[in-house]
Number of protein chains: 2
Amino acid sequence: MNTEEMGEIDPDFITRLAGYLGFEKEKVQHLFEKNYLARNWGKHEHMLRFDKEISHIEHGTVLYEKGSSFEMIMGFPKIRRAMVLDPTLKKHFSGLEKVTVEEKMNGYNVRVAQVNGEILAITRSGYVCPYTTERAKEKLDLRFFDDFPELVLYGEMLGPDNPYVPKEIYGIESVEFYIFDIREKNSGNPLSIARKHEILEKYNLLQVQYFGEILLETAAEEIAKIIRALGEKEHEGVVIKDPEMTLTPLKYTSSQSNCSDLRHAFKFYNEAGRDYMLSRIVREGFQTVEWDENEAEFKKRFMQLGESILNPLKEAIQSVKNGQRLYEEVRIRVRDLKTATEFEDYLKRLGVDAIFEEPQPAGDEYLINIKKVNKSTNDKTQAIWEGELW
Amino acid sequence: MNTEEMGEIDPDFITRLAGYLGFEKEKVQHLFEKNYLARNWGKHEHMLRFDKEISHIEHGTVLYEKGSSFEMIMGFPKIRRAMVLDPTLKKHFSGLEKVTVEEKMNGYNVRVAQVNGEILAITRSGYVCPYTTERAKEKLDLRFFDDFPELVLYGEMLGPDNPYVPKEIYGIESVEFYIFDIREKNSGNPLSIARKHEILEKYNLLQVQYFGEILLETAAEEIAKIIRALGEKEHEGVVIKDPEMTLTPLKYTSSQSNCSDLRHAFKFYNEAGRDYMLSRIVREGFQTVEWDENEAEFKKRFMQLGESILNPLKEAIQSVKNGQRLYEEVRIRVRDLKTATEFEDYLKRLGVDAIFEEPQPAGDEYLINIKKVNKSTNDKTQAIWEGELW
């Protein structure tokens, strides 16, 4: 559903692309045939998307012609996870005196860049989302892209009008874009933390909360404190970075974030990945041991875990028993109703089963509620209520 | 590890076997090549084992030459699970007035049969276990096999001296064999419940607890009561059968059994199957909704769930942190020390990493403690404590 018939591909195009990527022509041909390199559609048909990680190129990387050559926007590098803070941080960042700690915010990953003169918001998988693009143009100081056409903003779309991961916890009224990295086009090289701050401040771009530089020696303790405080606010966790951005970052999350993921996963138990569920549970085990919790703390943790798993499961099963369909309710806010139509087409194209309700005027914008139907869990649960065996 | 080099297979043997199974010769050849049909080893090398379900033949079925033909002992038929009792029972058993309810006991599945004059205990996968065989000969009235050489006992080995699934809950001192089905060789056809009872009583063979015949109309309610009572004793659940054994049975289990499975699975979180874990969790969701539990009952359920998951996980992670290796401690009781040696070889052959301790005399028998090492979870957990990323 997310691939395009390529039809005939111009052999000259293949040759030029192979030259740009440093691949054999046959390899490029093969990538197209397998749809590992796929096209966006409609007015963004010219944008190619890596649907898999290929050699050093991240999944979600996009690529398009620019002048007589090409330009590439690298995907989001996968950030590896510390299961325990000590000794993992010391081992991973060995050689550094200090690490930088930033909040890992819980939203929708988006890259915003100027592509042949046009500002586009590109999703983690490399699609151009019409809604996110409209919001990004609304929210960001676009002079940044004129001054730095070779740079890309890597951030999170956050807030209740985010139709992918709606969250109220950040006190955002509609949606905002919080930036965590600035990277160069083509190479994907990140700017240092200092240079990133300087540029983001200049254009008044929002950035994820910055906890400063912390001595590596005491980082495990310090970060445990930060994580506990973030957890109390239901915030997700932190990303720990080399201030120069030479070594790759690590992430570490709060118990509340694990439980929140589990609440979502068990609501749609037949869709969610098994490994996704298990990994969040196992993190709780390592955290309680690393933090040397006493009996009362441990009891609180396992109760939260049990409730985070069983409550959404119970509610989903009960809803279906009562004859309701399982869906997720999300919302968008658009200036132009055309964006909503484009977004509806876009979701359909991605295979998302979504019902758009009537737009409600809100100031000079419109609010539109959307029901995303979870067909697989719905059908499975209903079949069980009708006497089907497991 | 559980397959044998077949070497050259006599073409005449293949032809005869194909004739017996009603398969093409090429198919039989293919089953051997793929090791879907594999040999046992040592003195049971003559016994073939279906390592996969092939056509109508269950996984674990064994097959051997008898006279100029063959004889087959069918594997354990997979019993499907009712996720909810109502309407599943009515749907599955429609046309019956009554169903039979028996306890599903939590032990190790074993078939005991006379194979060319010798009594053998055959595991679920079709191996001949030397320990189980010794115990079966010790515990069962062997006259049954002389009187009914064409019948096979399908049962559970239960008790603390069961090295596979040791359980104290049944009040068994060492091990006992509880029979749940009697089936014919070759066809695998089961005897009716009445005929089974008659034969088991005649030879004083133990049988799983019998809850009698229950009207299909009220079975869901009645079985819910039985399940609650069984759960209180930490017993597993029930199997619901057609008294004539024409329709296939269904199983349904207690919450305590789900939690007990989870406690075991999360102790060895890196070995246990993801689907195994998830299915036990999802059962809790359906049971709480079907039984329409109030807030207090629901809280008790999610606390038990949370504890059953997090406690073994914590203990395993803590043990490895303290420098201990993760193992499962089990025990066997043998009359002949040769059986212990054979069992040690047998486990090695199956790839189980087990340490046998010194035999301790116990009356005219010996008790031997065995540590089964859980290498995968052990190594993974240790690596994380050494700073490895997830």
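The values are calculated or read from the model by the stated rules, or taken from the named source; none is laboratory data. All of these numbers come straight from a predicted model, not from anything done at the bench. Virtual Cβ from ideal backbone geometry, glycine too; neighbours counted across all protein chains shown.
The table that follows gives values for the structure above.
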read-out: Selection status of B:Ile214, surrounded by 15 or more Cβ atoms within 10 Å (Cβ to Cβ), of a type outside the set (Asp, Glu) and touching a residue at least 60 places away in the same chain (Cβ under 8 Å); value: yes
read-out: Residue within the stretch B:311-326 that is surrounded by 22 or more Cβ atoms within 10 Å (Cβ to Cβ), more than 11 Å from every other protein chain (Cβ to nearest Cβ), touching a helix residue (DSSP H, G or I) at 6+ places or on another chain (Cβ under 8 Å) and modelled with pLDDT of 95 or more present; value: no
read-out: Subset tally (residues that are assigned to a helix (DSSP H, G or I) and touching a strand residue (DSSP E or B) at 6+ places or on another chain (Cβ under 9 Å)) for the stretch A:240-255; value: 0
read-out: Test for A:Leu337: is it aliphatic (A, V, I, L, M) and surrounded by 18 or more Cβ atoms within 10 Å (Cβ to Cβ); value: no
read-out: Listing of strands (runs of 3 or more DSSP E) fully contained in the stretch B:99-180 that carry 3 or more residues being farther than 30 Å from B:Ser254 by Cβ; value: B:108-115, B:118-123
read-out: Matching residues in the stretch B:187-205 - criterion: being farther than 15 Å from B:Lys241 by Cα and surrounded by fewer than 16 Cβ atoms within 10 Å (Cβ to Cβ); value: B:Ser187, B:Glu198, B:Glu201, B:Lys202, B:Asn204
read-out: Residues that are in a helix (DSSP H, G or I) and free of Cβ contacts under 8 Å to residues at least 40 places away in the same chain, drawn from the stretch A:267-286; value: A:Arg274, A:Asp275, A:Tyr276, A:Met277, A:Leu278, A:Ser279, A:Arg280, A:Ile281, A:Glu284, A:Gly285
read-out: In the stretch A:253-288, residue farthest from B:Thr377 (Cα to Cα) [restricted to those that are of a type in the set (D, E, K, R) and more than 9 Å from chain B (Cβ to nearest Cβ)]; value: A:Lys267
read-out: Any hit, the stretch A:241-250, residues being closer than 30 Å to A:Ile193 by Cβ, within 8 Å of chain B (Cβ to nearest Cβ), surrounded by 16 or more Cβ atoms within 10 Å (Cβ to Cβ) and under 18 Å from the mean Cα position of the chain (by Cα); value: yes
read-out: Scope the stretch A:150-177; condition aromatic (Phe, Trp, Tyr) and closer than 12 Å to A:Ala136 by Cβ; matching residues; value: A:Phe177
read-out: Criterion (crowded, with 23+ Cβ neighbours inside 10 Å, among the small types (Gly, Ala, Ser), within 28 Å of B:Ile281 (Cα to Cα) and away from chain A (no Cβ under 14 Å)) met by exactly one of B:Gly159, B:Gly126; value: B:Gly159
read-out: Criterion violated by B:Leu262 - all others in (1) of a type in the set (A, V, I, L, M); (2) part of a helix (DSSP H, G or I); (3) touching a His at 6+ places or on another chain (Cβ under 9 Å); (4) surrounded by 20 or more Cβ atoms within 10 Å (Cβ to Cβ) satisfied; value: (3)
read-out: The stretch B:322-341 - residue that is among the hydrophobic types (A, V, I, L, M, F, W, C) and either in contact (Cβ under 8 Å) with a residue 60 or more places away in the chain or in a helix (DSSP H, G or I) (or both) and, of those, farthest from B:Pro312 (Cα to Cα); value: B:Leu337
read-out: Tally of residues being outside any loop (DSSP other than H, G, I, E, B) and either away from chain A (no Cβ under 14 Å) or among the β-branched types (Val, Ile, Thr) (or both) across the stretch B:45-95; value: 16
read-out: Filter result (among the β-branched types (Val, Ile, Thr) and closer than 22 Å to A:Arg143 by Cβ) within the stretch A:178-215; value: A:Ile179, A:Ile182, A:Ile199, A:Val208
read-out: Failed item in (1) at negative phi; (2) in contact with a strand residue (DSSP E or B) (Cβ under 8 Å, 6 or more places away or on another chain), with A:Asn116 passing the rest; value: (1)
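Okay, residues lined up against (1) in contact with a helix residue (DSSP H, G or I) (Cβ under 8 Å, 6 or more places away or on another chain); (2) in contact (Cβ under 8 Å) with a residue 40 or more places away in the chain; (3) assigned to a helix (DSSP H, G or I); (4) crowded, with 18+ Cβ neighbours inside 10 Å:
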position	(1), (2), (3), (4)
A:Glu293	yes, no, no, no
A:Phe343	yes, yes, yes, yes
A:Gly351	no, yes, no, no
A:Thr377	yes, yes, yes, yes
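So that you can scan it fast, the table gives a plain yes or no per residue for (1) in a strand (DSSP E or B); (2) under 20 Å from the mean Cα position of the chain (by Cα):
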| residue | (1), (2) |
| --- | --- |
| B:Ile182 | yes, yes |
| B:Gly188 | no, yes |
| B:Ile214 | yes, no |
| B:Glu217 | no, no |
